[in-house]
Structure formats: structure tokens, C-alpha cells
Amino acid sequence: MIGIILRRILIAIPVLIVVASITFFLTRLAPGGPFDAEKKLPQEVIDNLNEVYNLNAPIYEQFYDYFSNVLVGDFGPSFRYPGRTVTEMISTGLPVTFELAFYAILFALLIGLLAGTIAALKRNTFLDYFPMAIAMLGICVPTFLLGPFLVLIFGIYLELLPVSGWDTLPGDKILPSITLGAAYAAYIARLGRGGMIEILGQDFIRTARAKGLTETKVVINHALQGGILPVVSFLGPAIAGLLAGSFVVETIFQIPGLGKFYVEAAFNRDYTMILGTTIFFSAMIIFFNLVSDILVLILNPRARDS
Amino acid sequence: MKNFISILSIFILASCSSGKTPVEEGLENQILHWGNGSEPQGIDPHIVTGVPEHHILIGVCEGLTITDPKGGRENLPGVAQSWTLKEDQKTYVFSFNPNARWSNGDRVTPEDFVWSWQRALTPTLGSQYSEMLFYVKNAKEFYDGKIDDFSEVGVKAISDYELEVELENQTPFFVGLLAHYSTWPVHKETVLKFGEIDDRSMKWTRPGNHVCNGPMKLKSWELNKKIVVEKNEYYWDADRVKLNEIHYYPIQNESTEDRMFRAGALHVTNVVPQEKCPVYLENKNPSLRIDPYMGTYYYRVNTTLPHLSDSRVRKALAMGINRKLIVEKVSKCGQKTAYSFTPPGTSEYYPDTVVEFNPEKGKELLTEAGYPNGEGFPTIEILFNTQEGHRKIAEAIQQMWKVNLGINVEIYNTDWKVYLSRQDNLDYQISRAGWIGDYQDPNTFLEIMRPGRGNNQTGWTNYEYEKLVAEANKTSDQEERYKKLMEAERILIDEMPLIPIYTYVKQFQIHPDVKGWDANILDHHHPKFVYLERD
């Protein structure tokens with residue numbers, strides 16, 4: 001297994017280099033520059049700004065300088081926010097984005113696994129159709145619709161929860177976590193149901209039942225471990241998706257996470273910020289996929305053998 | 001599982017409402033909660049640009065003068081308690097308020113302004129508003145590196161309490177310019193403590209480091225979350241300041257801001273969601289405020305293209321637009337139809353130009369230009385940056401030109417930076433544009449259409465226009481000056497390199513507790529005039 005992990009890490013390095021290089025050149029090829037504004041700046045001001053940020057240098061020189069700095073952990077200054085470094089902005093937004101993703105995945109796992117397991121156990125009954133219909137709805141309803149809807153009900157009409165913010169008012173993390181986690185809960189419910197149905201039909205489950213174990217023990221001690229395998233495989237890309245895709249929820253709930261910087265950087269042609277966040281999110285996606293693969297290897301002996 | 005259920009229970013229990021909303025608590029403690037658009041780039045007055053930055057800077061720093069919060073033409077004293085214009089009509093002497101202090105207690109001196117303007121004009125700082133000071137003698141020469149010695153620039157401390165500013169020419173709106181933050185001072189010792197004169201890192205502006213001279217001072221700054229400023233006890237007019245704190249929230253999403261206002265989290269919003277404005281107007285929402293604003297929404301015409309180089313064609317296009325219909329049925333939020341480039345009322349300047357909605361005359365002009373009933377006229381493209389509001393207006397105009405003039409129009413939206421780049425390279429036919437004035441004078445509008453100006457972006461050149469605007473800027477007699485500017489405006493509207501559509505308004509929501517938030521076309525709200533009180 002260690003060999004597999006090492007191989008995956010070795011593959012990740014060139015992947016990151018390719019992603020970063022392509023991003024570097026794409027940002028420079030995109031029309032418009034970081035200092036373009038509705039009120040056009042005099043050319044001499046633009047020249048001075050280009051000089052300050054080394055944008056007058058030939059592209060290969062910029063490329064070399066940038067990646068030399070990245071190797072020593074310096075992602076450069078943000079063009080949009082003078083005085084802030086990209087590293088500083090990532091380290092400010094990241095804990096919030098991580099926390100939001102953590103609560104969202106927690107919510108998704110709790111609701112998703114519960115619904116999936118019940119649906120599998122009560123196949124072709126109301127307790128199967130109803131949660132699965134809700135799950136389908138959860139997958140279809142986008143966060144930009146669900147978020148404002150929840151805010152309207154719980155924040156404005158019922159006045160139970162804050163409508164926005166993060167670590168500002170008690171309970172302000174509930175609605176964003178549910179909004180972000182809802183679609184994932186729905187996926188997990190469907191994957192969990194499929195996995196559990198497959199496992200519940202296996203011989204070892206029949207043997208466990210024949211031994212006289214209660215249904216709860218059969219499910220918790222024997223079925224669940226195999227039943228959640230598809231869910232575990234899904235968790236890697238899901239967490240990466242939660243991190244990189246939190247932009248909409250951060251915007252709806254006014255959350256100071258990293259997602260907002262990521263998207264705005266592209267609109268603002270904030271070259272260093274685009275590169276920094278892209279490299280970072282790519283690394284995160286690779287890392288969480290790796291973690292998910294390792295978990296599958298631990299949980300599934302057949303995967304280890306193959 | 002048990003642990004998780006416990007966490008969830010704590011979560012739900014913790015969600016119990018704390019009772020008072022921020023707005024209610026704000027009233028008790030004189031804390032204003034203000035929706036401030038986007039995250040500010042920073043608060044170094046010589047580096048930043050933009051409205052959210054200005055909202056904070058107007059609280060924490062102060063220039064020689066401030067704008068009249070009630071919209072009056074004359075500026076009010078800031079650091080300078082009075083000023084005089086010498087006989088040559090181009091040398092000002094500003095007398096400093098002896099009580100003007102920095103937030104660390106140091107006295108604000110004329111020397112501070114000399115150093116600050118030197119900083120703003122240092123090319124390697126990369127200030128984006130350095131041209132605001134180019135009216136000062138030799139300022140541009142210093143910026144361009146033609147002179148190295150800053151003492152040759154026309155700004156001098158002539159005593160401990162007097163600053164003399166010599167201008168290149170008579171510039172009647174110069175005092176108005178001084179209310180713009182790019183001319184405001186920075187605390188030399190603090191700036192130099194954290195870097196060189198041209199250091200853009202702005203470390204000196206961080207909480208704990210920041211020193212400036214406004215009615216408020218920086219207390220905390222949580223990136224993308226909130227900026228808090230508190231009352232500055234050293235401010236020269238501190239007795240007048242009633243607010244204890246202002247909390248600025250960078251909320252870009254209009255709907256989020258609207259929900260926060262409805263839930264009592266904000267006293268003032270930055271905007272009103274476009275789709276909700278007509279509903280609020282119809283329901284007579286008491287929180288909705290629509291104030292005049294010094295900005296024009298218009299269409300640029302690329303006059304370098306053969307079919308748009310004829311002014312008769314451009315006038316025909318202007319006459320084919322029913323502006324009344326656009327403001328009443330499309331934008332629907334109190335905007336005013338525009339018949340001039342400069343918004344009427346800018347520093348008591350009321351242009352008399354007319355752009356009539358007259359499809360028949362428009363057709364006649366098109367026929368004269370060789371396109372009877374629009375026949376033979378190439379399909380034109382309207383370019384705009386991606387935004388629903390711009391799309392609706394472009395679609396309405398597309399329809400009007402088709403029906404009224406027989407011209408085929410395609411509309412094309414792009415990302416903001418692509419849109420800017422295409423305008424700059426004259427790679428468009430018709431392009432949406434907006435211009436917001438920096439200071440209260442018609443010059444802030446008419447100046448940009450002078451030949452060769454970076455913001456002209458239409459390829460239009462008219463030397464009579466250039467002569468009139470240049471002459472007006474050297475005329476100290478205001479009546480004579482406005483006459484020349486009016487003449488220039490008439491040429492602009494007659495030639496129509498730009499088609500005015502409507503005059504902007506500032507639409508926002510404000511809680512009835514907020515007092516002293518007067519309407520003014522620059523949308524400047526100096527915190528010392530604002531307070532919270534329940535009727």
C-alpha cells in the first residue's frame with residue numbers, strides 16, 4: 001500500500017506543475033489586464049504599475065521569477081489588494097472554507113447515510129421512495145436557490161437563525177452548512193442505498209442473520225462497513241468539490257472564505273492570486289482523492305489485492 | 001454517532017436568537033452598520049481607487065477641505081480652516097486649523113501635506129490618481145521625471161500653519177478637488193516606519209499601525225468580513241462626532257445585502273437589488289431612498305468606423321431611443337432621462353442641450369447619410385459587460401433602432417476585463433459606458449472627451465471643443481466659464497460621439513434611525529454629520 005501511496009504522490013508533482021504552468025500562460029493570454037478599469041489610467045501610470053509588479057519583463061522571465069518564488073513558498077503580492085500577499089489571503093480564508101466544508105460534509109454524511117440505510121432496509125416502501133425522492137430533489141436544487149429559500153424561512157419569517165455571517169452571531173453556521181451539504185447528502189443517500197442493497201444480499205449477511213443476530217447488529221457490525229464503500233470513494237472528490245465550490249454559499253451568506261477570492265481573482269485578472277489559489281486547490285483535490293483511495297484500500301480487502 | 005448528535009444539539013441550542021438585532025444594539029451604542037459593496041483594496045489614500053475605499057477613508061482621514069454634506073457648491077473647512085486666492089488667481093494659501101491632529105496626537109502640519117503630495121506624485125508608488133495633482137505647478141514634470149527636486153513643485157509650507165499651492169493655470173475647481181482622497185495627507189513617520197516613500201505594501205494601514213487624521217480611527221479589519229472604525233478623540237471637531245463606531249461590511253451580493261437589511265443587520269445598504277427596486281417603489285417601502293448621483297449612463301460610438309463616422313448617423317441613433325420608456329419600463333428605479341453628458345445640477349451647471357426622441361427626423365438624417373429607411377446600413381453590435389441590467393437596456397435599444405430606424409442590431413456581452421480591453425482598442429461599434437464624477441464640477445465630465453484623453457475611447461476629435469474646454473479651465477469668472485463649457489457641451493451633443501441615456505441615481509435602503517444622511521450628488525457622507533436616533 002505504501003508503494004501505491006508513493007506512486008500517487010510522485011504522479012501528483014508533475015500534475016501540479018502542468019496545471020500551474022497552463023494557468024500561468026492562460027492568465028497572460030486572457031484579454032485585459034489587472035490595471036484596466038472603467039476610468040482608464042494614463043499610460044505613464046500603467047507603465048509604472050507594470051514596472052512595480054515586474055509585468056514589463058519578458059514572459060519567460062516572469063515565468064521563471066514566479067516559480068522560483070513559489071518554490072520557496074512565496075506566491076507573490078495580490079494585484080487587486082496591494083499590500084496583501086497571496087499567501088496571507090489564502091491563510092486568512094482557508095480556515096473558514098475548511099470549517100464550512102467540514103460542517104457541510106458532516107451534515108451530508110449524517111443525513112445521507114441515515115436516509116440511504118433506511119431506504120435500503122425498507123426497499124420498495126414509503127421509507128424508500130420518500131427519502132430517495134427528497135434526495136433527487138436535493139441533487140437538482142442548486143445552492144443559489146436553496147440558500148436564499150432557507151434564509152427566507154428560518155432567518156426572516158421565523159427569525160430562528162441569522163441570515164448571514166460566520167462566527168458573528170450564534171447559530172450563523174447552520175444554514176450555510178446545510179445549504180452546502182444538501183446536494184452531497186443527497187448523493188450520499190443514493191450511493192449509500194445502492195451500496196447497502198448490494199451488501200445486504202451477500203452470503204455473509206445471510207450467515208449473520210442465521211446466527212440469530214439482531215437486524216441492528218447485522219447492519220451496524222457487518223453491512224455498514226461494506227455498504228459505505230461507494231460513499232468513501234465519493235468523499236475525496238466531494239470534499240475537494242466542497243472546498244473549491246463554496247463560492248456561491250460564501251456569497252449568499254457573506255462568509256469570509258477562500259472561494260470568493262478564487263472567483264474574484266479571475267474577474268480581476270489578479271494573476272498571482274489566480275495562480276496561488278489554483279495551485280492550492282489543485283493540491284487539495286489531489287490530496288483528498290489520495291486520502292479517499294487510501295480509505296477504500298483499508299476498508300476493502302479486495303481492492304488491496306487487486 | 002453519539003458525539004455527532006451532541007455536536008448537532010449544541011449547534012441547534014446555540015442557534016437560539018440573542019434577542020436584539022445589530023441595528024437595535026447599534027442605536028444604543030451609536031454603532032452604524034454599513035453595507036459597503038466589495039472588500040476594499042486598502043485604505044492608503046494614494047494607492048486605492050473606488051467607492052468602498054472612499055467610504056472608509058472619509059471616516060479615517062481628512063483633506064484640506066471637505067464636501068458640503070447637504071450638496072452645496074462650496075467646500076467646508078477640513079484641515080484648513082480657511083483659504084485665500086492670491087491676485088494672480090492661481091496661488092492659494094491654506095490656513096491650518098491649529099487643533100488638527102493625527103490619531104496619535106501629533107499636529108497635522110503644512111509640511112505633512114508637502115510630503116504627502118510628493119509621495120502621491122512619486123512615479124514608483126504607482127498612484128492611480130496622481131493626475132488629480134497635475135494642476136499644481138510642475139507636478140506633472142516631477143511625475144514624468146523631468147525634474148527631480150520636489151521643491152520646484154508648487155506646494156510649500158510657508159509657515160507652521162500655512163500651506164501655499166501654486167497652480168499651472170487658474171483652476172476654479174481646485175478647492176473642490178481637495179475633497180478627493182488622492183490629495184489627502186498620510187502620516188510621514190508612520191509610513192516610513194513600515195517602508196519607503198514608494199512602498200505599496202500598505203503595512204502602515206493595518207490595525208495597530210494605522211495613523212490618520214479623520215473623525216474616526218481604524219480599530220479592526222477582518223478580511224472579507226468586517227472593518228471597524230471608532231471615534232478618534234484627537235480629531236479637531238471631535239465634539240461634533242456622535243457615532244462611536246462604524247462597521248463596514250463588504251457585501252457584493254445585492255440580495256444578501258437586502259436580506260441582511262431586512263433582518264436588522266444593517267443600517268444602510270450600498271444598493272437595492274435591481275429586480276426589487278420597482279417592487280419597493282410600488283409598495284412605497286419607507287426604507288428605500290433614491291438620491292441624485294453625479295453619473296451618466298451612456299453609449300459610446302466608435303467614430304472611426306466608416307458607417308458611424310457621420311454625425312448624422314450618430315444623431316439618428318440618438319433620436320431613435322425613447323429614454324422615457326427606458327427609465328420607466330426597463331431600469332425602473334428612479335433614473336432620470338439624460339439629454340446631456342454632464343448631469344444637470346453639477347455644481348449648479350444646467351446644460352441646455354436637447355436630444356429629442358424623434359424617429360421621423362432620425363430616419364431623415366439616415367436618408368441624408370445615404371441609408372434610406374436603414375437600407376444598406378450594416379448590422380451594428382452593442383457591446384456591454386455581462387450584467388442583467390445592461391442586457392435589458394441593450395435589448396430595448398435593439399428593438400427601438402429596429403422599429404424606429406430600420407437598423408439591425410446585435411447585442412454582445414463579455415466579461416468585464418474583455419469589455420474594457422475592447423473599448424480601449426476601439427474594437428467595438430457601440431458600447432455601454434458609465435461615468436461617475438470625481439469632484440463637483442462639469443469639468444470632471446467634459447474633460448474626458450478632449451482629443452487624446454484616455455477615457456475618450458470613441459476616436460472623436462473636435463478642436464473647437466478642445467479649445468473651449470481648455471479656455472474654460474483657465475477662466476476664473478464662473479459665469480464666463482460655464483458659458484464656455486455649455487458651448488462645448490452643445491458641440492458634444494450635436495456631434496454625438498456618445499449617446500446619453502440616463503442620469504444615475506443612488507438607490508439604497510436606510511433605517512429610519514439614521515440621521516444626518518443627506519442627499520448630495522457625490523454621495524459623500526462624512527461621519528461627523530451622521531448619528532443614530534429613534535423618532
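The values are calculated or read from the model by the stated rules, or taken from the named source; none is laboratory data. Since the structure is predicted, the reported quantities are computational estimates derived from the model, not experimental observations. When we count neighbours, we look across all protein chains shown, and the Cβ atoms used for this are built from the backbone with ideal geometry, even at glycine. Heads up: the accessible areas ignore ligands, DNA and RNA and are worked out on the full protein's heavy atoms, side chains in. Shrake-Rupley method; radii C 1.70, N 1.55, O 1.52, S 1.80 Å.
Quick notes
- Tallying residues that are open to solvent by less than 30 Å² (accessible area, probe 1.4 Å) and either more than 15 Å from the chain's Cα centre (by Cα) or on the phi > 0 side of the Ramachandran plot (or both) within the stretch B:424-440 yields 4.
- If you check B:Val354, B:Val327 for being open to solvent by less than 30 Å² (accessible area, probe 1.4 Å), farther than 30 Å from B:Asn75 by Cβ and of a type in the set (A, V, I, L, M, F, W, C), only one passes: B:Val327.
- Annotation note: of A:Leu258, A:Leu290, the sole residue that is surrounded by fewer than 21 Cβ atoms within 10 Å (Cβ to Cβ) and in contact (Cβ under 8 Å) with a residue 40 or more places away in the chain is A:Leu290.
- Any hit, the stretch A:162-180, residues being under 29 Å from A:Val296 (Cβ atoms) and more than 12 Å from chain B (Cβ to nearest Cβ): yes
- Pairs with Cβ under 6 Å, 6+ apart, first in the stretch B:332-359 and at pLDDT 95 or above, second among the basic types (Lys, Arg) and open to solvent by less than 20 Å² (accessible area, probe 1.4 Å): B:Thr337/B:Arg323
- For B:Thr379, the criteria (1) within 14 Å of another protein chain (Cβ to nearest Cβ); (2) surrounded by fewer than 17 Cβ atoms within 10 Å (Cβ to Cβ); (3) of a type in the set (S, T, N, Q) hold in every case but one, which is (1).
- Restricting the search to helices (runs of 4 or more DSSP H) fully inside the stretch A:155-244 and requiring at least 2 residues that are out of contact with any His (no Cβ under 7 Å at 6 or more places or on another chain), at negative phi and among the small types (Gly, Ala, Ser) gives A:174-200, A:224-227, A:229-244.
- Residue check for A:Thr85: touching a strand residue (DSSP E or B) at 6+ places or on another chain (Cβ under 9 Å), free of Cβ contacts under 8 Å to residues at least 24 places away in the same chain and among the polar types (S, T, N, Q): yes
- Qualifying residue in the stretch B:159-167 (condition: under 28 Å from B:Glu471 (Cα atoms) and assigned to a loop (DSSP other than H, G, I, E, B)): no
- Positions within the stretch A:175-195 being out of contact with any helix residue (DSSP H, G or I) (no Cβ under 6 Å at 6 or more places or on another chain) and either without any contact (Cβ under 8 Å) to a residue 24 or more places away in the chain or among the aromatic types (Phe, Trp, Tyr) (or both), in sequence order: A:Tyr187
- Flag for A:Leu191 being within 14 Å of chain B (Cβ to nearest Cβ), surrounded by 19 or more Cβ atoms within 10 Å (Cβ to Cβ) and within 23 Å of the chain's Cα centre (by Cα): no
- Candidates in the stretch A:27-42 are the residues that are among the aliphatic types (A, V, I, L, M) and surrounded by 12 or more Cβ atoms within 10 Å (Cβ to Cβ); of these, the one that is farthest from A:Ala266 (Cα to Cα) is A:Leu41.
- Residue in the stretch B:419-427 that is more than 8 Å from every other protein chain (Cβ to nearest Cβ), under 27 Å from B:Thr353 (Cβ atoms) and at pLDDT 90 or above present: yes
- Screening B:Glu410 against (1) more than 10 Å from every other protein chain (Cβ to nearest Cβ); (2) under 26 Å from B:Met449 (Cβ atoms) leaves a single unmet condition, (2).
- Among the residues making up the stretch B:19-52, those that are more than 11 Å from chain A (Cβ to nearest Cβ) and more than 27 Å from A:Glu159 (Cα to Cα) are B:Pro45, B:Val51, B:Pro52.
- Test result for A:Phe204, among the aromatic types (Phe, Trp, Tyr), within 30 Å of B:Trp221 (Cβ to Cβ) and open to solvent by 50 Å² or more (accessible area, probe 1.4 Å): no
- Residue within the stretch B:178-185 that is open to solvent by 10 Å² or more (accessible area, probe 1.4 Å) and at pLDDT below 95 present: yes
- Single residue of the stretch B:271-281 satisfying the filter (open to solvent by 30 Å² or more (accessible area, probe 1.4 Å) and in a loop (DSSP other than H, G, I, E, B)) that is nearest to A:Thr251 (Cα to Cα): B:Val271
- Selection status of A:Ile134, more than 20 Å from A:Gly276 (Cα to Cα), away from chain B (no Cβ under 11 Å) and aliphatic (A, V, I, L, M): yes
- Which numbered condition A:Phe234 misses (of (1) within 30 Å of A:Ala30 (Cα to Cα); (2) under 13 Å from the mean Cα position of the chain (by Cα)): (1)
- The stretch A:38-54 residues that are within 7 Å of chain B (Cβ to nearest Cβ), paired with ones that are among the basic types (Lys, Arg) and crowded, with 17+ Cβ neighbours inside 10 Å (beta carbon under 7 Å, 6 or more apart): A:Val52/B:Arg200
- Residue list for the stretch B:154-194, restricted to those being touching a Lys or Arg at 6+ places or on another chain (Cβ under 8 Å) and either hydroxyl-bearing (Ser, Thr, Tyr) or on the phi > 0 side of the Ramachandran plot (or both): B:Thr171
- Answer from B:Gln128, B:Gln81, B:Gln41 - the residue that is in contact (Cβ under 8 Å) with a residue 12 or more places away in the chain and surrounded by fewer than 19 Cβ atoms within 10 Å (Cβ to Cβ): B:Gln81
- B:Asn97, sole failed condition from (1) under 30 Å from B:Pro273 (Cβ atoms); (2) in contact with a strand residue (DSSP E or B) (Cβ under 9 Å, 6 or more places away or on another chain); (3) of a type outside the set (Asp, Glu); (4) away from chain A (no Cβ under 14 Å): (1)
- Within the stretch A:115-137, not a single residue is open to solvent by less than 60 Å² (accessible area, probe 1.4 Å) and within 15 Å of A:Lys173 (Cα to Cα).
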